[in-house]
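Contents: one structure, followed by commentary.
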């Protein structure tokens, strides 16, 4: 039923911009809860840029890259008693199988801060699904639009050995609108 699907390029095109993210994370193994407020900036990255080529060469990617994005963030977590802000960014490189599925190459992963290859696909509900396998964990992430300027993101991190759920998180992301 591909008539209801949007392409990965359409989804990412709708995601470009600045966002305010409010995320709650539940670490089940330790029965801990964390709230994080972040600002995100999602921009297209030139596939011939030094950053993209460095990742492509380091990870020996020979397939055709469709496009790449850079996600930068600055966050403040309630986890730390010092309320220190953290800043970082990551590059995501999309290698399509078709307009709706493919491989996502990340210079650092969501569950583990190592380079990763993930499988992505768009589903009938216009949701981007990302499945990643790391050294010790598996990650499933879903991102969808609630409206033009509000996204929702949900993730589950599982232990690779016994498939036990280690962590869940949910974020609501609100686009910064410049008037």
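Only the coordinates and a few stated rules stand behind these numbers; no lab work does. Quick caveat, the model's predicted, so the values are computed rather than measured.
Helical content of the chain, expressed as a calculated mean residue ellipticity at 222 nm, amounts to -2500 deg cm²/dmol (DSSP H runs of 4 or more residues, -39,500 (n - 2.57) each, divided by residue number, nearest 500).
Comparing Cα centroids, the range 147-176 and the range 53-80 end up 18 angstrom apart. When Rg and the Kirkwood radius Rh are both evaluated on Cα atoms of the chain, their ratio Rg/Rh stands at 0.95. P(r) tail for the range 1-105: Cα pairs beyond 19 Å make up 57% of the total.
Most fluctuating residue of 37, 162, 149 in a GNM of the chain with Cα springs under 10 Å: which is it? Between 37, 162, 149, it is 162 that shows the largest mean-square fluctuation. Based on C-alpha pairs under 8 angstrom that are at least 6 apart in sequence, the range 2-175 has a relative contact order of 21 percent.
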